[in-house]
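Here the structure comes first, spelled out in structure tokens, and everything after it is commentary.
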Amino acid sequence: MIRSFLSLALVLALLAPATLPAFAQEAGADSPAMQQGLQLFYAGKWDEAIPQFEQVLDQDPNNTLALSYILHAYYKKRDINGIINQIEQKAVARGEDPQAQAQLGMAYFLRGMIMPNVLDEALTEFKGAIKEDPQLPMAYTGIGLVYFQKRMMPRAKGYFIRALRLNPHDVMAMDRLGNILLVDEQKPQEALQLFERIVAELPTYPDGYYFMGSSLFDLKKYEEAIPYLKRCTELDPNGFTQGFDAATLLGDTYIQLGRNQEAIVALEAAKKIHPDSKYVEMKLKKARGEGG
């Protein structure tokens, strides 16, 4: 079973009850701009998606997910330095502004995904932002992301929990915390509760459906997993984030149920995204009864 990067009854008790319609209007969780941005992003229309996510970020400066999509779109455009320079200039212009510092930390985190030594620069910016404003949720999520990338999961988990205490609607923090619970701590039932919140708050976000399906798969609730995995592949048909993993896991799910023809269809869709995947080829042989 494949799982990728790019998750506690206690945590859920600490989170404020979801007030979805009000939050969507106030902070852009599932606002028209967020919906449009996601649709354009997953269609590969980077230049058109970016302004939509910028609108969301203007509405809610702590929307870590919107900023992450902006950075990801620039990465797809092969213009990482361009966006980092823009954010650096804004941070300088705004002086001792902790929000700008946290956003700069996110930019350095993107660069650190390619150049790991830069991750410490991101950490410095996030910690500086917290020093100026201890109630800044983006900075705690950012530190959690750095430790997540460094595979220091207990530390990452603690910072995601702190971020969610300050902003219960932080989809990025919920996503990564759920991932820790699901993959590292192997607590799919607890992870499922967080992913249910993500799907409820942001139904246009494909990764939430993938991790819902993944949690249900681990709980051996295969039939329940199928619609979530299918929805992820519909929202992310090109595999820009979790679409490939969803198609692959959908194939695994059908194999578990003995529905091999449906498994073949799902796995062939995965193979179109990554033709060289040895794992997909192995599973295709199994579904076709060719061994493996």
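Worth pointing out:
- Wholly enclosed helices (runs of 4 or more DSSP H) of the stretch 15-88 bearing at least 1 residues surrounded by fewer than 18 Cβ atoms within 10 Å (Cβ to Cβ) and modelled with pLDDT of 90 or more: 32-42, 46-59, 64-76
- Residue match in the stretch 175-196 (condition: in the same structural domain as LEU123 (by TED's automatic domain parsing), basic (Lys, Arg) and in a helix (DSSP H, G or I)): yes
- Matching option when the condition is among the hydrophobic types (A, V, I, L, M, F, W, C) and assigned to a loop (DSSP other than H, G, I, E, B), among PHE211, PHE217, PHE240, PHE244: PHE240
So that you can scan it fast, the table gives a plain yes or no per residue for (1) over 19 Å from GLN242 (Cβ atoms); (2) modelled with pLDDT of 95 or more:
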residue: PRO137; (1), (2): yes, yes
residue: GLY142; (1), (2): yes, yes
residue: VAL146; (1), (2): yes, yes
residue: LYS150; (1), (2): yes, no
residue: ARG155; (1), (2): yes, yes
residue: ARG165; (1), (2): yes, yes
residue: ASN179; (1), (2): no, yes
residue: LEU182; (1), (2): no, yes
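- Test for ALA225: is it in the same structural domain as PHE41 (by TED's automatic domain parsing), assigned to a helix (DSSP H, G or I) and in contact with a Gly (Cβ under 8 Å, 6 or more places away or on another chain): no
- Looking at LEU145, LEU104, LEU182, LEU202, just one residue is over 25 Å from CYS232 (Cα atoms) and buried (at least 22 other Cβ atoms within 10 Å of the Cβ), and that residue is LEU104.
- Breaking point among (1) in a helix (DSSP H, G or I); (2) touching a Leu at 6+ places or on another chain (Cβ under 7 Å); (3) polar (S, T, N, Q), for GLN135: (1)
- The listed residue being surrounded by fewer than 16 Cβ atoms within 10 Å (Cβ to Cβ), β-branched (Val, Ile, Thr) and either assigned by TED's automatic domain parsing to the domain that holds LEU249 or modelled with pLDDT under 85 (or both), out of VAL11, VAL92, VAL118: VAL92
- Among the candidates GLY144, GLY158, residue that is closer than 25 Å to VAL56 by Cα and either aliphatic (A, V, I, L, M) or not assigned by TED's automatic domain parsing to the domain that holds PRO237 (or both): GLY144
- Conditions (1) among the aromatic types (Phe, Trp, Tyr); (2) under 22 Å from the mean Cα position of the chain (by Cα); (3) farther than 26 Å from LEU71 by Cβ; number of the one not met by TYR254: (2)
The values are calculated or read from the model by the stated rules, or taken from the named source; none is laboratory data. Just so it is clear, the model here is predicted, and its values are computed rather than measured. Because the Cβ atoms are built from the backbone with ideal geometry, glycine has one as well, and the counts that use them run over all protein chains shown.
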